[in-house]
Each structure stands twice: as C-alpha cells, then as structure tokens.
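Structure first, commentary second.
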Amino acid sequence: AFEGVSMHSGSRAVDGAIVDADFVNGELILMTINDDEPVGITGSGLIRLVDLFRQIGLLAESGRINTKSDYYERWGEQIGRQKVIWLDHENEIMLKQNDVRELQKAKGAIRAAMDILIDELGLDSSQLETIFLTGSFGGVVDIEAVLRIGMIPDVGVEKVETIPNAAGLGAAMFLTEEGQALAEEIVSISSQIDLDLSADFQQAYVHAMGL
C-alpha cells in the first residue's frame, strides 16, 4: 500500500504522481510531483487522501466509503461490485474501496506492533519522547495525517520527526569508536518480540485498522 503497488491507481514517486491533496472552497486539489498531470497515487498521497475523506465524512471510521455523503454524489460511483471515489476522470485515476482496505491493513500492522512493544516495556504512549519516521516513504508523509488516521500513537505533532535517511545516518554514526560503543550497548539491552506469538496481536491489529 505504501509503495502504491497494491492500489488500482498506484504509482511510484515519478513526475505526475499524487503526493498530497487538500480542499479549497469545497474542491479537491491534487498535488503532484513536478506539478505534472496526475498519473497515479503514491503512498504518501494515499494517506493524505484517506485522511481528507475521513475528515469530511466521505469515509467512515470503519474505512467504508460513505454513500450517504454529499461528496459521494459528486465523486463516488459503483463500478461492478466495488465503490470508488473519482480523483481525476480525464486521467482515469480513482480510489477504490479495496485501496482503502489495503492502507488499513498496512497501517494497522504498524500501529499494532508499536502498541505491543510499548506494552511490553510497561509504558504508556504518552511517555514516548520522540517518534522518528524515515525512509523514502516515512520521511515525506504528512505527520498530522498519519496521526489522525491512527498509524502511530497520538503523541502530538511536536513529538514526531521525519528523517529522509536514518539508515545512512545510523551507519555513519557507528563508524566512530563512540558509535560502536553505543551500538554494543543497544544490542546488550535489546530483546526480540515475535508479534506472531503475541496473544494480543490479533486483537490489537483489528482495533488498529480503524480510521
């Protein structure tokens, strides 16, 4: 879902890929890479779209496309056995119900894993000092949207930081003697948690899929 692979109109981060969206005077505005004509939806664009549609009631908390919404009359359609939300008729770009489900499953797994790890440490999410999001996807997502759809614990925007390449930064840190000592210390106090063996995972996963 985050790479756009499983989406009907999914796209890699190429010119024309939808990376953000907004509502201006009741109209949906799509923002694309290089401001080109839309060619598809990236993972960050998907999160933003789902967040926006949830805010205006076009998507229910369950993730279901709301056919009773006034916006559904403007952008919604039933195609075969599946409801869709049209984003760009001319370029045939749409958000299908299954696309929303794929996002829910992906973000639900991330949130459930975080909740279980926090619980294993005997902590509450309010005790987290910082959450770092990184990578080609995590480094560019809309933090407020990520928080609103519940992909990570609601710690507040001020506690979430994005880093484009934390893996490279970490590798560089560990090249020094001080960094090597830190790495050894981290290893010595770390333990592995097998989520598939956790009795709470399935319940946490299902709960975390809600928007």
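The values are calculated or read from the model by the stated rules, or taken from the named source; none is laboratory data. Since this is a predicted model, take the numbers as computed values, not measurements. Ideal geometry is used to build each Cβ from the backbone, glycine not excepted, and the neighbour counts take in all protein chains shown. Each accessible area value is taken on the protein alone, full model and side chains, heavy atoms only, with ligands, DNA and RNA left out. Shrake-Rupley method; radii C 1.70, N 1.55, O 1.52, S 1.80 Å.
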Subject >> All positions within the stretch 36-60 that are touching a Leu at 6+ places or on another chain (Cβ under 6 Å) and open to solvent by 10 Å² or more (accessible area, probe 1.4 Å) >> reply: PRO38, ARG54
Original post:
Just one of the numbered conditions (1) assigned to a loop (DSSP other than H, G, I, E, B); (2) over 17 Å from the mean Cα position of the chain (by Cα) is not true of GLY4; which one?
Top reply: (2)
**OP:** Among the residues of the stretch 122-139, write down those that are in a loop (DSSP other than H, G, I, E, B) and under 13 Å from the mean Cα position of the chain (by Cα).
**Re:** GLY139
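A quick yes/no check of all residues on (1) basic (Lys, Arg); (2) open to solvent by less than 50 Å² (accessible area, probe 1.4 Å); (3) part of a helix (DSSP H, G or I); (4) without any contact (Cβ under 8 Å) to a residue 12 or more places away in the chain:
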position: ALA13; (1), (2), (3), (4): no, no, no, no
position: ILE18; (1), (2), (3), (4): no, yes, no, no
position: ASN34; (1), (2), (3), (4): no, no, yes, no
position: SER62; (1), (2), (3), (4): no, no, no, no
position: LYS68; (1), (2), (3), (4): yes, no, no, yes
position: ILE85; (1), (2), (3), (4): no, yes, no, no
position: ARG101; (1), (2), (3), (4): yes, no, yes, no
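Tell me, please, whether a residue that is open to solvent by 60 Å² or more (accessible area, probe 1.4 Å), in a loop (DSSP other than H, G, I, E, B), of a type in the set (Asp, Glu) and in contact (Cβ under 8 Å) with a residue 12 or more places away in the chain can be found in the stretch 140-151. Let's see the steps before the verdict.
Taking the stretch 140-151 as the starting set, the residues that turn out to be open to solvent by 60 Å² or more (accessible area, probe 1.4 Å) are 140, 144, 148.
Restricting the remaining residues to those that are in a loop (DSSP other than H, G, I, E, B) gives 140.
Remaining after also requiring of a type in the set (Asp, Glu): none.
No; the residues of the stretch 140-151 include none that is open to solvent by 60 Å² or more (accessible area, probe 1.4 Å), in a loop (DSSP other than H, G, I, E, B), of a type in the set (Asp, Glu) and in contact (Cβ under 8 Å) with a residue 12 or more places away in the chain.
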Original post:
Do we have ASP119 as touching a His at 6+ places or on another chain (Cβ under 7 Å), under 28 Å from ASP200 (Cα atoms) and assigned to a helix (DSSP H, G or I) here?
Top reply: no
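Restricting to the stretch 168-211, what's the tally of residues that are farther than 30 Å from GLY63 by Cα, in a helix (DSSP H, G or I) and of a type outside the set (Gly, Ala, Ser)?
Total satisfying the criteria: 11.
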Original post:
Mind checking which pairs have a first residue in the stretch 113-126 that is more than 16 Å from ALA199 (Cα to Cα) and a second that is aliphatic (A, V, I, L, M) and part of a helix (DSSP H, G or I), Cβ under 6 Å, 6 or more apart or different chains?
Top reply: SER125/ILE118
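Please indicate, with yes or no, whether at least one residue in the stretch 2-15 is among the acidic types (Asp, Glu) and modelled with pLDDT of 95 or more. First the steps, then the outcome.
Here is the first cut: in the stretch 2-15, the ones among the acidic types (Asp, Glu) are 3, 15.
Among the residues that remain, those that are also modelled with pLDDT of 95 or more are: 15.
Within the stretch 2-15, one or more residues are among the acidic types (Asp, Glu) and modelled with pLDDT of 95 or more.
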Subject >> Filter pass, THR162 being of a type outside the set (D, E, K, R), exposed (fewer than 15 other Cβ atoms within 10 Å of the Cβ) and touching a residue at least 24 places away in the same chain (Cβ under 8 Å) >> reply: no
Subject >> Matching residues, the stretch 73-83, being part of a helix (DSSP H, G or I) and over 23 Å from the mean Cα position of the chain (by Cα) >> reply: GLU73, ARG74
